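Data block below; observations after.
The values are calculated or read from the model by the stated rules, or taken from the named source; none is laboratory data. Only a predicted model underlies this, so the values are computations on that prediction, with no experimental measurement involved. Every residue, glycine among them, receives a Cβ derived from its backbone with ideal geometry; neighbour counts consider all protein chains shown.
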Amino acid sequence: MSYKVPAFVLVLASSAASIAAIAATPAETQKARHEHYEELGEAMKSIRDQSKTDSPDWAAMLKSADVVLAGSKDQIQWFPKGSGPEAGKTRALPEIWTKPADFAAAMKMFEERAPALGAAVKAKDLEALDKAFKALGGSCKNCHDSFRGPE
């Protein structure tokens with residue numbers, strides 16, 4: 001059985017890779033990284049908001065779940081050496097680079113939990129969606145608590 005990846009996911013993935021690739025300076029890398037996480041946050045918010053309505057827009061949630069899934073892949077590209085606090089204002093803590101195994105584990109947790117969100121949306125199962133959303137949100141909190149500074 002083959003799975004056809006929606007075109008907008010391919011565009012998102014190639015755009016993300018392109019943004020990271022064209023970020024010539026550490027400041028540009030920080031900006032691209034910020035935009036990447038803003039996009040992930042907006043997708044998560046969309047899913048949360050739709051799931052709390054009386055009549056969820058499952059198609060909109062599926063698009064957002066696809067954004068989350070695509071954005072969960074290969075996140076290390078958003079944190080190249082030299083793009084931390086030494087490069088300018090960022091909430092990315094130095095521990096990202098001083099504790100790379102811990103950071104990789106936190107990112108892996110997010111990547112491993114993201115598919116359950118999409119599966120729950122595809123099944124139109126609000127109970128499973130709530131469980132998957134909480135688990136995925138927990139992985140976000142886990143990383144933010146250790147690797148993201150205050151505003």
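From GLY149, GLY137, GLY71, which residue is of a type outside the set (Lys, Arg), in contact with a His (Cβ under 9 Å, 6 or more places away or on another chain), touching a residue at least 12 places away in the same chain (Cβ under 8 Å) and under 15 Å from TYR37 (Cβ atoms)?
Going through GLY149, GLY137, GLY71 in turn, just one is of a type outside the set (Lys, Arg), in contact with a His (Cβ under 9 Å, 6 or more places away or on another chain), touching a residue at least 12 places away in the same chain (Cβ under 8 Å) and under 15 Å from TYR37 (Cβ atoms): GLY71.
Looking only at the stretch 116-130, count every residue that is without any contact (Cβ under 8 Å) to a residue 12 or more places away in the chain and part of a helix (DSSP H, G or I) and tell me the total.
1
If you check ASP66, ASP57, ASP74, which single one turns out to be at pLDDT 95 or above, among the charged types (D, E, K, R) and closer than 18 Å to PRO115 by Cβ?
On the way: ASP57 fails: closer than 18 Å to PRO115 by Cβ; ASP74 fails: at pLDDT 95 or above.
Exactly one of ASP66, ASP57, ASP74 is at pLDDT 95 or above, among the charged types (D, E, K, R) and closer than 18 Å to PRO115 by Cβ, namely ASP66.
Does SER72 satisfy being surrounded by fewer than 13 Cβ atoms within 10 Å (Cβ to Cβ) and either under 11 Å from the mean Cα position of the chain (by Cα) or of a type outside the set (Lys, Arg) (or both)? So that I can check it myself, show each step before the final result.
On the way: surrounded by fewer than 13 Cβ atoms within 10 Å (Cβ to Cβ): no; either under 11 Å from the mean Cα position of the chain (by Cα) or of a type outside the set (Lys, Arg) (or both): yes.
So SER72 fails the test.
Out of PRO115, PRO94, report the one residue that is surrounded by fewer than 14 Cβ atoms within 10 Å (Cβ to Cβ) and not small (Gly, Ala, Ser).
Exactly one of PRO115, PRO94 is surrounded by fewer than 14 Cβ atoms within 10 Å (Cβ to Cβ) and not small (Gly, Ala, Ser), namely PRO94.
On the basis of being hydrophobic (A, V, I, L, M, F, W, C) and modelled with pLDDT of 95 or more, does PHE8 make the cut?
Judged against the criteria, PHE8 is not a match.
So which of THR29, THR98, THR53 ends up being under 20 Å from ASP145 (Cβ atoms) and polar (S, T, N, Q)? Give the steps one after another, and end with the answer.
Working: THR29 fails: under 20 Å from ASP145 (Cβ atoms); THR53 fails: under 20 Å from ASP145 (Cβ atoms).
Matching residue, one of THR29, THR98, THR53: THR98.
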